[in-house]
Structure formats: structure tokens, C-alpha cells
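Structure incoming, see below.
Read-outs throughout are calculated quantities, based only on the coordinates presented, and are distinct from any laboratory measurement. Note that the structure is a prediction, hence the values are computed from the model and not measured. Here Cβ is always computed from backbone atoms with ideal geometry, including for glycine, and neighbour counts include all displayed protein chains.
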Amino acid sequence: MGPPGAGKGTQGELLEQHLDAVRYSTGDMLREARRAGTELGSLAQTYMDAGELVPDEVVIGVVGEALAALSPDASVILDGFPRTIPQAEGLALILEAAGQRLDAVVNLVVPEEELVSRLSGRRVCSECGTLASSDGGADGTCAACGGDLIQRRDDRPETVRRRLAVYLEETAPVLEWYADSPVDLLEIDGTGSVVEIQERIRERLTA
Ligand code: AP5
């Protein structure tokens, strides 16, 4: 968990490799649905472009389906889900029905001015959605597929402001919900280098 630009995707990807886990980013799943032109994608588009959350029942359905398709011993990282209390409750029900549990909730803490600066500088591939690393993409093309690098539509300044407000209204309360639950809530300083932050996460997960 963490606000927009906190590094959920960046850190989630590294942790996915380290733990040999499956990572589900609801943002990536919805963007992929948009690229594929599915019904889900067109439904999600208006919400995403406005910086609003896609309705809970839709997102819970998408995650529930993805989890149901996995083998019971798979390790899973959920990136950007749950983002509302109804989503946290929905996830708890899905896991309970499957006899599974959350090991930990990792929350990346980053000051707002740094979030805004990271998001304004982010570039992604228009073809495959890959995030351009901060030191890469100098020629404006994707290292993975050669597609053009562009700014994400929801990284425009006015939409970033709305996403941050939605985070405070809808998602920050989920952290309190987990703090009152038996699940370990790990607050991680999300500033510094990508490698340093990854080390902090791994240390806390194994502590
Ligand atoms: P989503 O894609 O999840 O967006 P988000 O939560 O706003 O998060 P971001 O992807 O912007 O940031 P991140 O924390 O992953 O950071 P990243 O690693 O990319 O969701 C998009 C939309 O989909 C939502 O607004 C909503 O509409 C919908 N949606 C998704 N999930 C939903 C849900 N559960 N319910 C309802 N709707 C949902 O890093 C950001 C930038 O910073 C990058 O450029 C990166 O290179 C850079 N960076 C990362 N780490 C560092 C560092 N340590 N130092 C400097 N730069 C860094």
C-alpha cells in the first residue's frame, strides 16, 4: 500500500522476483484491460482518467477471479489493492473462503512533495505499459519493446491532485482498519534509493 507514486509498482516488482511470487497490480490489470479494449477496460477508463477509484465490486471481482486461478501454495503480492474498507473486507472474505491469510501489509511512506515530483517525471511505454526507469528511456523509447514513452494520462498535475485527495479520503482509513486487525502492518520509509527501500522491506518482512 501507499499513495500514488509511493513506489508500490517499483518495489512490488523487485519483491516479486525475490519471493518468486505472483504480483497482481490492480492498476496494471485495469490498464491492460483498457489496452485490450475489453468491457472492463472501457468501464475503468473514465474513473482512472479522472483520478477516481473504479467501483469496489468491479475491482473485488477482478482480484477474486485472479486469486481463484492460482495454486493454493502460490505466494501473492497485491499491489494497490485493497484501496477502500469495502475492498479490505472483500479480500478478507475471499481469503477466508480459500483458507488463506495475509502475512503482512506493507505501507510505503513518502512525503507529498516527493510524490508529486515522482509522478510528474514518470514515463511509461504506450505499447506495453512498462515503466521507464529513472535512468533509462533517454531516447524516448521503451527498453522492453521499443514503443514510445509517454506520460500516463492520470499523471497530469490536476489528476495527480485528485488521486492524492482520493487516497486520503478512501485509502488512508484502510491502514487504520489493518492496524486494528491481527495482520502485521509494516510502515516503511519509502524515501531514498530503490535498492535501500527494497532492503528495508525485506528486513521487515523477515523480522
Ligand atoms: P495505480 O496504477 O495503482 O496508481 P497509483 O496507486 O496511483 O500508484 P502509481 O502507479 O501512480 O504509483 P506507485 O506507487 O506504483 O509508484 P511507481 O513504482 O510507479 O492505479 C491507477 C488507477 O487505477 C487508480 O487511480 C484507480 O482509478 C484505478 N485503481 C487501481 N487499483 C484500484 C483499486 N484497488 N480500487 C479502485 N480503483 C483502482 O513509482 C512512481 C514513479 O516514481 C516512477 O516514475 C518511479 O520510477 C519513481 N520512483 C519509484 N521509486 C523511487 C525512488 N525510490 N526514488 C525516486 N523515484 C522513484
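Kindly provide the chymotrypsin sites (Phe, Trp or Tyr not before Pro) of the range 118-207 that DSSP labels as loop, not H, G, I, E or B, and whose Cβ sees at most 10 other Cβ atoms within 10 Å. Before the final figure, lay out the partial values.
Values: sites: Tyr167, Trp177, Tyr178; in loops: none.
Sites meeting the loop and neighbour criteria: none at all.
What list do you get for Val183, Val195, Val160 if you sort them by fewest beta carbons within 10 Å?
Fewest-to-most ranking of Val183, Val195, Val160: Val195, Val183, Val160.
Of Ile150, Ala74, Gly99, which is farthest along the charge dipole of the range 1-157 in the positive direction, counting Lys and Arg as +1 and Asp and Glu as -1 at C-beta?
Ile150
Give, in nm to one decimal, the length gained when the segment between Val195 and Gln17 is fully stretched (0.36 nm per residue of separation minus the Cα-Cα distance). Kindly include the intermediate steps, with their values, before the conclusion.
Details: separation 178, 0.36 × 178 = 64.08 nm, distance 1.35 nm.
Difference between extended and current length: 62.7 nm.
Can you give the extra length, in nm with one decimal, that the chain gains between Glu96 and Ser181 once fully stretched, where that is 0.36 nm per residue apart less the Cα-Cα distance? Kindly include the intermediate steps, with their values, before the conclusion.
On the way: separation 85, 0.36 × 85 = 30.60 nm, distance 1.43 nm.
Roughly 29.2 nm would be gained on extension.
While we're here: Of Met29, Met1, how do they rank once you tally other Cβ atoms within 10 Å and put the fewest first?
Numbers: Met29 19, Met1 24.
By the 10 Å Cβ count, ascending, the order reads Met29, Met1.
Which residue fluctuates the most in the chain, going by a Gaussian network model with Cα springs under 10 Å, if the choices are Ser126, Ser42, Ser193?
Ser193
Same structure, new question: May I ask you to evaluate 6.51 cos²θ - 1.76 cosθ + 1.60, the Karplus curve with θ = phi - 60°, for each residue of the range 42-53 and list the ³J(HN,Hα) values in order in whole Hz, giving x for glycine and proline?
6, 5, 6, 3, 4, 5, 5, 5, 8, x, 9, 7
Please report the base-10 log of the normalised intensity I(q)/I(0) for the range 43-180, using a Debye sum with one equal scatterer per alpha carbon and no solvent, at each q in 0.09 (1/Å).
-0.35
Please give the charge dipole size of the chain, origin at the Cα centre, charges +1 on K and R Cβ atoms and -1 on D and E Cβ atoms. Round to the nearest 20 debye. Write down the numbers at each step before the final one.
Details: 19 positive and 36 negative charges, 97 e Å.
So the magnitude is around 460 debye.
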